[in-house]
Structure formats: C-alpha cells, structure tokens
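Here's the structure we're looking at; comments come further down.
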Amino acid sequence: MPLPALDERSRPATRAAASGIALVITFVLAWGAVQLAGHGGDTSPWWPAAGTSVLAVLAVRRRFMPLAALGVAVVSAASNHVAGRPLEISLAFGVANAIEALVVAMILSPRDRPPRLVSVREVTRLVAATLAGASAVGLAVGLVVHLLGTDDPVATAGAVFSSHGSAVLAIVPLALTWRDHASARGGHARWMQPLALAVVVGAVFFPGVSLPLSFLPMPVLLWGAYVFPLRGVAMQLVLTATAATTLTLLGGGPFAGAGWSDVQTSWAVQSFLVVYAATVLYFAAARRETLSVAEDLLVREQLLRGGLVDSQVGMLILEEDRSGEPRVRTANWRAVSLLGPGVAAPPRNEVPRVLPDDSRGVQVLRAAIARAKDDPEGESVTEVELGEDRRVEILVTRVQRDGGRVLLTVQVLDVSERVHAAQALAHALADERNAALQLREVARQKDEFVSAVSHELRTPITSIIGFAELLEDEPSLDDDARAHLSVITRNADRLGRLVEDLLALGSGRRESARPCDVREAVTGVLEDMGPNASDRMVALREHMPFGVEVVIPPSDLVRILSNLIGNAVKFTPPGGEVVVAARFDADLVTIEIVDNGPGIAPEDLEKVFERFYRAKGTAEGVPGVGLGLALVRQLVTRAGGTVALGSDGRSGTVARVTLPRASG
C-alpha cells in the first residue's frame, strides 16, 4: 500500500490520517487472519497485519511512535477478541504486535528520517529490523502460550516468527518503494514476466499439486527484479505471498502435502517466503544501484565529452607510437583555432594521425612535447607568441599507460588578454604607487601643520587661562566682570581641550602601554566631570569592579573616558543621568557609558567617528567640532581594542569600549 506520509514534507495531520488508515486496515487483516486460523486458535498461517502495523507506526514522527504503537496494541487486541479469541490472549497478542511494530519502525527510522528502500544497505536495514521485530513478537507470543498452557510454545514462537517476518518483508517494501521513480526495462517482453509468475505460482501451489517445486518461482521473481523497478518487485512479493499462503491453506503445494502439522506447515511456507522476499529485494536493490551507477557514468562521460569539445581551452590528447612519434587522437575546435589545422583529430574509428610540420603552431607543440619528454616528471609549460596580438600557453603532461603506451594531454590557453591585463595592471600599480606617495606626503604635511598650529596655540591659551585665574582672585571685581571672566575661562578651557585633541590626532608619538586600573581611571574622570555635570543637573553613576586592569597608556585611557563621558554629559538633558559600568572575562574588559539623551540616528552611528562629522539634529546647540570620537577610535584601535555606539535615535546612547585585559 502506498503511504504518502513517509514523505518528510508531509504535514502532521497527513501523517496522523495515514497512520489511522493503516490501523483500520490492520484491524481488518488481523480479523481475517484469525478467521483463517480457525475460531479461537492460537496462531495464524500468515499475519499480514504485522506489515500494516509497522506502516501505522512509521507514518508518524519518531517521538509519536510509542503512541502509534499503543494504537496498534488496541486495534490488534480488539480484532483478535472480535474474531473469537479469549480476552486475555487477545490483550497479550495485541501488546506483542505493538512491540514488534515499534521495534521495526525504530530501527528503520533511527534519525526521524523517512525510510527508503533503494539500496542494498537499506534492504539490509529492513531485513535486520524485520528479524528483530519477528524475534520480539515470536518470543512474546511463545511466552504467552507457555504461561497459558494452550499450545507448544517453541513451535508457536517459530510459526509466529516466520508468519510475521514474511508479512513485514512483503508489505512494508510496497510503501517504502512507492516513490521510486525508476522506469521499467526490457521492452514489451517484460510484460510476459507477470504472466509467467502467475503460471508458475499456480502450478507449484495449486490444490492437489504436491510436487517439490518450491524453487520454481525464484527465477521468475528475479526476472521481475531485472526488468521492473523496486515498487513493481514489492507488489509481486505481496501477491506471491498471498497466493502461496492461501493455496497452501487450501491443500496445494509441496508444503501442504508433506504430512506436517498445521503449525509446521505454516512455519515452512512462511520461512520459504521470508527467504524469497529477502533474496529478491537484495537482488532488486543491487540491480538498481548498478543501473544508477551506469547512468551516472554515462552522464559524466557525456558531460566530459561535451566539456572537452565545447571548452574555451584548447584540449588535445595524443599518443606516441613505437618510434616515439606523437599522433593526435582527440582535439577540440579551440585547439585547432589556436594552433592551426595541423592538430585536427582524425575522423572517428580511424587511426591517430601524425603531426605534420607545416605550421608555426605544430612546431611550437612539438617543441613543448620534447621538453616534457626530457622533464623528470613528464611535464612542460611553454608560453610563446603566435602572431602579433596572440600569445598562448601550452601545458603538456606525459602519462605512462599499461603495455608501455604513452599518452600526452595538452592544454592550450590563449593568454593574450592576461598578458595585456598584466601590463595594464603594472602601469596602474605604478600610477597608484605614485598617487599613494603623494597622498602620504600631503597627509604628513597636514599633520605637521596641525601639530605646529596646535603648539603655537597652546602658549597663548595657557596665558589666557593663567591671567584669567589671576583676575578671579581680585576682590575688586563686580558681578558682571566675574561673569565675563567665567565666559573667558570656560571658552579658553574648551579651546585648550580642542588643541590637545588636535595634537593627539596628529602626533605619531605615543606613551608606552602598561596595566591601568579601570576603576581608578573612571573615578578620576568622574571627579573631574563632577562640577560640569552638577551645573547641567546631570547625575553621574558608576558600577565598576575592583582590581580589573587593561593594557593601555594611562593618558590614552583617561582621554578616551573623558571624551566619551564628556559627550554623554553634554547630550543628557537636565534631570538625566550618565552611568559608567564595566564587565570582563579572561581576555577582555568592556566599559559601557550609558546616557538618556536624545540618542543618535542609526545611520549616523558610524559616521560620528569621522573627523569633524556631527550628527544632524542631536548636535544642534551643543558646542563641539567633531574630533572627540575620532580621537577615541584612534586611541582604542592603537591599544588593540574596539569602540562602538548603540542607539535607536530616540532614547539615549550606549558607548562600548573593549580593551585587552592585563594578565594576572
């Protein structure tokens, strides 16, 4: 029976429906099998419900298989009892059938993948699963019979083992091979095989016939495995098993006429079917694998031949004759167009042709072949001019074959464009190098200019701040004068910090790195920022661990923290707060500065690290020239760390600085 639910793309509802249908069929088949055994008997000559029970469990995903097995137990017990068996025996047989179905399904689907039956390995898995399941149900039924004392437990276990095993091997492959799209072979004559099988099975098992001819169906089944795909073979196995079992019950065939008991006859015919099914399935799977390999080889040969003929690379295969003369066996159109018609291959089925000496291309090829012959590894690479605008590369490889034959494989590549491109690239690299030198000189001059101007500005700024501090000590100043003086001092400080940032950006010198205590540096910067934060009514908070150190020049760490915390204070509205925290692991320390200001638009988060760039909207009305974050990134990168900003553009900004942790 086809079971679409075995497709892994099937939805859970489809799987559940398929399992339910299989359970209904199991009930009908089990009831019919008990009827064949005689009202209230212990064993049946064939138990096809074993196959449909396995399909009911296989239809669901692996985690639901125990639940499906419970359904098998209920259905099997009900069918046995309805057919006339005692309740205790029906319940015991139902549990045994469920155990068998679960064992087979779990082995066939070890990784929750739908099982298939298209290879010898998969047939082996099916046979192993069938033997395991049949052994489990045989032992269980034999134990029940022994405990109840209703029949010979050993004979019963053997009969159950064979009847269940043959049913699983005959029915389950029908579902596992239903989606096998292999086509039948053998032409119209293949349709003689089903007719021959029907005739042979009828002749062997027809009532009244008792000749020992049980071997006759095997050649016909193998014929079917040769001409039909696996799903056709599976259908024939089901029909053969059904016919052989039914006709044997009617008194036909070699097993019914052997003078055995019913249990012995059942065991013999089902064992016969197990061997037949396993053998035919192995043969069919091996046949399918062979055909698949042959088809793959044919496709590869066609692709290889097509690739050789249509390749844009010139390809030749030559063979040396007894005198060492190279003869052309195969050459594609590209090789002929590059080296000339002298290298053209002979017509099919003709002997390889000798290379003539009538063109420049053939002469170059002969020289390359001679170099490969002299090379210890049998290879040569030659690059030559063939005309004013054409340059080719010839690669020759000598391959020693059995019997002393020597094959030569030749690749001919037109490298004219590559050579021209290499020349153009060399000119471009030279121009690029000159441009880089000029840019480097301009950058050096710019840095020198910035450094010189910054140094020149530092002295007058220092004088302004110094004299402003002296004026603040004058007791005769009135309030207006002190307010003006405060403006002078504040702007002089701003100008001083700007000059220091310019000097830091333009300076190539740096202080040596050493372990710095993060908490100590943060505490110092927060103390310096305290008065400014208080004036702006911004609270400063810190959550810093003790004893955590980073490797960085101390002045660089202070400058990084000052810029980031200063920015957070500037952009935080009155009543807000700035929080500084840190986390660390064995190698890195991450410092976070969090504010609840207006935030930065996501598209500006990287741009703000550029020199003189200020985010639109958030920077309006806030003093600054856009150098602080550029300086921060330069100092952090120089220390081997990273810096990044995070913001949704509405509710604050998080600045994260990650630096190498000092080893303890």
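Applying the condition of being part of a helix (DSSP H, G or I) and not aliphatic (A, V, I, L, M) to the stretch 127-149 and asking which residue is nearest to the chain's Cα centre (by Cα) yields Thr130.
Listed here are the residues, each with its yes/no results for (1) out of contact with any Gly (no Cβ under 8 Å at 6 or more places or on another chain); (2) assigned to a helix (DSSP H, G or I); (3) surrounded by fewer than 15 Cβ atoms within 10 Å (Cβ to Cβ); (4) modelled with pLDDT of 80 or more.
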| residue | (1), (2), (3), (4) |
| --- | --- |
| Asp151 | yes, no, no, no |
| Val160 | no, yes, no, yes |
| His164 | no, yes, no, yes |
| Ala167 | no, yes, no, yes |
| Ala175 | yes, yes, no, yes |
| Leu195 | yes, yes, yes, yes |
| Gly202 | yes, yes, yes, yes |
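Candidates in the stretch 515-562 are the residues that are among the hydrophobic types (A, V, I, L, M, F, W, C) and loosely packed, with under 15 Cβ neighbours inside 10 Å; of these, the one that is farthest from Leu635 (Cα to Cα) is Met537.
The rows are residues; the columns are (1) in a strand (DSSP E or B); (2) exposed (fewer than 13 other Cβ atoms within 10 Å of the Cβ); (3) in contact with a Leu (Cβ under 6 Å, 6 or more places away or on another chain).
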{"residue": "Ala367", "(1), (2), (3)": "no, no, no"}
{"residue": "Glu377", "(1), (2), (3)": "no, yes, no"}
{"residue": "Ser380", "(1), (2), (3)": "yes, no, no"}
{"residue": "Glu388", "(1), (2), (3)": "no, yes, no"}
{"residue": "Thr397", "(1), (2), (3)": "yes, no, no"}
{"residue": "Thr409", "(1), (2), (3)": "yes, no, no"}
{"residue": "Val412", "(1), (2), (3)": "yes, no, yes"}
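Does Val269 satisfy the criteria of being assigned by TED's automatic domain parsing to the domain that holds His164, in contact (Cβ under 8 Å) with a residue 24 or more places away in the chain, crowded, with 16+ Cβ neighbours inside 10 Å and not in a helix (DSSP H, G or I)? Criteria not met by Val269. Every condition in (1) closer than 25 Å to Ser135 by Cβ; (2) touching a residue at least 12 places away in the same chain (Cβ under 8 Å); (3) under 47 Å from the mean Cα position of the chain (by Cα) holds for Val227 except the one numbered (1). Under the condition of being charged (D, E, K, R) and within 18 Å of Ala234 (Cβ to Cβ), the residues counted in the stretch 82-121 number 2. Only a single criterion out of (1) over 19 Å from Lys607 (Cα atoms); (2) surrounded by fewer than 17 Cβ atoms within 10 Å (Cβ to Cβ); (3) in contact (Cβ under 8 Å) with a residue 40 or more places away in the chain is not satisfied by Ser663, namely (3). Report yes if Gly306 is surrounded by 14 or more Cβ atoms within 10 Å (Cβ to Cβ) and either modelled with pLDDT under 80 or more than 44 Å from the chain's Cα centre (by Cα) (or both), otherwise no. So Gly306 does not fit the description; no. Where strands (runs of 3 or more DSSP E) sit wholly within the stretch 518-616, those with at least 1 residues that are touching a strand residue (DSSP E or B) at 6+ places or on another chain (Cβ under 8 Å) and of a type in the set (S, T, N, Q) occupy 588-595. Just so you know, in the stretch 457-466 the residues that are of a type outside the set (A, V, I, L, M) and surrounded by 13 or more Cβ atoms within 10 Å (Cβ to Cβ) include one that is modelled with the lowest pLDDT, and it is Arg458.
Report yes if Met235 is assigned to a helix (DSSP H, G or I), at pLDDT 85 or above and exposed (fewer than 15 other Cβ atoms within 10 Å of the Cβ), otherwise no. It is false that Met235 is assigned to a helix (DSSP H, G or I), at pLDDT 85 or above and exposed (fewer than 15 other Cβ atoms within 10 Å of the Cβ).
The values are calculated or read from the model by the stated rules, or taken from the named source; none is laboratory data. Just so we're clear, the structure is a prediction, and the values are computed from it rather than from any experiment. Note: ideal-geometry Cβ built from the backbone for every residue, glycine included; neighbour counts use all protein chains shown.
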